[in-house]
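Student: First the structure, which I've put down as structure tokens, then a few questions once you've had a look.
Each reported figure results from applying straightforward, stated rules to the coordinates on display, with no laboratory input. Owing to the predicted nature of the structure, the values given are computational and were not obtained by experimental measurement. All Cβ positions, glycine included, derive from the backbone under ideal geometry; neighbour counts span all protein chains shown.
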Amino acid sequence: MLRLGFLGAGKMAHALANGFLAAGLTKADAIIASCDPSDNSSIESFQKLGANVLFCNSSVMKQCNVIFLAVKPVVVPLVLSDIKPVISEKHLLLSIAMGISIEEIEMSLPKDVRVIRVMPNTPATVRCAASVFSCGSAARPEDINLTKKLFGSIGTCEEVPETYMDPITALSGSGPAYVYAIMEALCTGGVRMGLPRELARRLVTQTVLGAAKTAVESNQHLSQLCDDVTSPAGSTAEALYWLEQSRLRAALIGAVEVATKKCKEVNLKR
Ligand SMILES: NC(=O)c1ccc[n+]([C@@H]2O[C@H](COP(=O)([O-])OP(=O)(O)OC[C@H]3O[C@@H](n4cnc5c(N)ncnc54)[C@H](OP(=O)(O)O)[C@@H]3O)[C@@H](O)[C@H]2O)c1
């Protein structure tokens, strides 16, 4: 039985724990998370899963071999100093912290600690995450296999060079938020044209799901799939022209750029 420890019991830790349980990879009582005693919503959400919550990072380290570093980047140095005296070769540390390099983690911990940096996203909750990972200097082949097993059980998972991590954080780490913002705006468009909001929500969610499934299952370029919906002089062509005039594509391209820059600022601030 995998004993999974989460340092940080926030939104992403909960999404992962929920996904691993749904995938049957471990049992709830083999999951232990740590957080601040005042963090009632995190405590409640982990307890609802049936997992254990402690208020001490080193206790989590003592009881688990596979450890997720799942706190906000600003808290990472504090947590690394907490675990430094207790981390050993029995541990695999999987860091999901945005903007914190493997080198920075390795430099803060004893030599030869096994580190893998992962960037998942919140659809982990429904086992539809897009995750990538990069290996630290002491990671072993069995650590890579375990990472693929864990994150592959809750969506897609592939190894990438660490230099891709900031743009990936900006693209797929934050990506669900961009998609929800677009979906919400489309719903509002439907309501503005007279549709009940609940009907608009059902139609938009199924449309996004269907479009994503089509894109996954077909090997066609995304612009070809767009063309397939667009008849000459039709209503879709009119709408696409409006989006082009409103600079939707430029806005989304720019969003990935500014989010990447923000990740780099986190690196530089440290
Ligand atoms: N959310 C996403 O979509 C997403 C996607 C990919 C990666 N990530 C990464 O995942 C990490 C966590 O993000 P999140 O969105 O899950 O943040 P979050 O909801 O704020 O969770 C952070 C958790 O860490 C706890 N914490 C704070 N100080 C701690 C300490 N000293 N020891 C142990 N736990 C402590 C927090 O408790 P308090 O609330 O009491 O401070 C909170 O439960 C970040 O580094 C982020 O970059 C997030």
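Student: So how strong a dipole does the range 175-268 carry about its Cα centre when Lys and Arg Cβ are +1 and Asp and Glu Cβ are -1, to the nearest 20 debye?
Tutor: 340
Student: Add +1 for every Lys or Arg and -1 for every Asp or Glu among the other residues with Cβ under 14 Å from the Cβ of Leu109, and state the total.
Tutor: -1
Student: Can you compute the equivalent ellipsoid semi-axes for the chain, i.e. the square root of 5 times each eigenvalue of the Cα gyration tensor, sorted largest first and rounded to whole Å?
Tutor: 38, 21, 17
Student: Enumerate lysine pairs in the range 4-165 that are 8 or more residues apart or on different chains, then count those whose Cα atoms are under 14 Å apart.
Tutor: Eligible lysine pairs with Cα atoms under 14 Å apart amount to 7.
Student: Sticking with this one: Going through the DSSP H helices of the chain, which span 27 Å or more along their own axis at the Cα atoms while scoring at least 0.0 as a mean Kyte-Doolittle hydropathy?
Tutor: Long hydrophobic helices here: 197-217, 248-269.
Student: Send over the Kirkwood Rh of the range 40-197, from the inverse of the averaged 1/r over different Cα pairs, rounded to one decimal Å.
Tutor: 17.3
Student: What is the magnitude of the charge dipole of the chain about its Cα centre, with +1 placed on the Cβ of each Lys and Arg, -1 on the Cβ of each Asp and Glu, and no other charges, expressed in debye to the nearest 20?
Tutor: It comes to approximately 460 debye.
Student: Whole angstrom only: what separates the Cα centroid of the range 17-70 from the Cα centroid of the range 232-262?
Tutor: If you average the Cα positions of each part, the centres end up 40 Å apart.
Student: Averaged over all directions, how much area does the convex hull of the C-alpha atoms of the range 1-132 cover when projected, in nm²?
Tutor: In nm², the orientation-averaged hull projection of the range 1-132 is 7.2.
Student: Where does each of Tyr178, Tyr164 land when they are ranked from fewest to most other beta-carbon atoms within 10 angstrom?
Tutor: Tyr164, Tyr178
Student: Going by how many other Cβ atoms sit within 10 Å of their own, how do Thr207, Thr122 line up, fewest first?
Tutor: Thr207, Thr122
Student: Evaluate the range 89-165: find the radius of gyration of its Cα atoms, find its Kirkwood radius, and give the ratio Rg to Rh.
Tutor: Result: Rg/Rh = 0.96.
Student: Of Phe133, Phe55, Phe68, which has the largest mean-square fluctuation in a 10 Å C-alpha GNM of the chain?
Tutor: Of Phe133, Phe55, Phe68, the Gaussian network model singles out Phe55 as fluctuating most.
Student: Here's another thing I want to ask about it. Using the alpha carbon gyration tensor of the range 175-268, what are the three equivalent-ellipsoid semi-axes (square root of 5 times each eigenvalue), largest first, in whole Å?
Tutor: Calculated on Cα positions only, the semi-axes equal 26, 18, 15 Å.
Student: Under a point-charge model restricted to the Cβ atoms of Lys and Arg (+1) and Asp and Glu (-1), what is the dipole moment magnitude of the range 4-165 relative to its Cα centre, in debye to the nearest 20?
Tutor: Using Cβ point charges on Lys, Arg, Asp and Glu, the range 4-165 gives about 340 debye.
Student: Mind checking which of Leu69, Leu21, Leu225 has the largest fluctuation in a GNM of the chain, springs on alpha carbons under 10 Å?
Tutor: Leu225
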